[in-house]
1. Residues to consider are 114, 88; find the one that is closer than 20 Å to residue 142 by Cβ, open to solvent by less than 70 Å² (accessible area, probe 1.4 Å), modelled with pLDDT of 85 or more and out of contact with any Phe, Trp or Tyr (no Cβ under 9 Å at 6 or more places or on another chain).
2. Give me the pairs: first residue in the stretch 134-148 and more than 14 Å from residue 160 (Cα to Cα), second residue open to solvent by 10 Å² or more (accessible area, probe 1.4 Å) and of a type in the set (S, T, N, Q), beta-carbon distance under 8 Å, and six or more apart or on different chains, which are they?
3. Can you pull out the helices (runs of 4 or more DSSP H) entirely within the stretch 118-212 that have at least 2 residues that are open to solvent by 60 Å² or more (accessible area, probe 1.4 Å) and modelled with pLDDT of 90 or more?
4. Looking at 58, 54, 33, which one is open to solvent by less than 40 Å² (accessible area, probe 1.4 Å), modelled with pLDDT of 90 or more, among the β-branched types (Val, Ile, Thr) and assigned to a helix (DSSP H, G or I)?
5. Can you tell me which residues in the stretch 97-136 are within 12 Å of the chain's Cα centre (by Cα) and over 22 Å from residue 211 (Cα atoms)?
Amino acid sequence: MIEHFKTLLCGEVEALLLEKPGWRCFATYCLAIAVGSSVYGATIGLWRAPLQSIFTAIKFPLLIFLTCVANGAVKQTALAILMSFAIAAVILGALSPVTLFVLYNAPPLGSANAIVGHSMMLLTHVFAIAFAGIMANRRLLDLLRRMTGRDTTARAVLFSWLGGNLFLGAQLAWNLRPFIGSPGLTIQFLRDDPLRGNFYEAVWRAFRHLFL
């Protein structure tokens, strides 16, 4: 399974097509998602408090699996979607030291600039997650070409994945908040008002706090 996962990360299309995926492949992908995303999730909530870090380490893999299931339910490419999330989780796990560096250089929770620190962490994680998702899906573009037989179809599927992950993932993340944890709110596993507001408003406010 380790060799198979190395093949996936290297994007060796021929080898992936020759292999017949079994339950061990699915288990490997799910394990990679669980480990990589939980490690990364812990770095998201650590700015607010250790308890929030634990909550986010639990919720972030849940977010990825829910997004994967929802996207796979409307496409005939569930295995490939699972592959892309496994790659993304490994990338995010590797980015954890980078996000920790940002965390320890951001204004802390108890400072006068706590809002700035929260905004810095939010935008950092939005960028890191978007980067991991794009790179993971791009890695499988050659596989999609072989599966569909046409470059235009493969690219259309790729962009549909990216769009679905963006809009569905962002909405699910908002409903499952908090992940970072707001300075003025208590630490909770889930908010009492999960449908209030939206993800894009939060990102825009964070952008305004930092740059406007």
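1. 88
2. Listed pairs, sorted by first residue: 147/77.
3. Hits in the stretch 118-212: 199-211.
4. So the residue among 58, 54, 33 that is open to solvent by less than 40 Å² (accessible area, probe 1.4 Å), modelled with pLDDT of 90 or more, among the β-branched types (Val, Ile, Thr) and assigned to a helix (DSSP H, G or I) is 33.
5. Listed by number, the residues that qualify are 132, 133, 134, 135, 136.
The values are calculated or read from the model by the stated rules, or taken from the named source; none is laboratory data. Keep in mind it's a predicted model, so treat the numbers as computed, not measured. Counting neighbours? That spans all protein chains shown, and the Cβs are built from the backbone with ideal geometry, glycine included. Side chains are part of the model used for accessible areas, which takes the heavy atoms of the whole protein and leaves out ligands, DNA and RNA. Shrake-Rupley method; radii C 1.70, N 1.55, O 1.52, S 1.80 Å.
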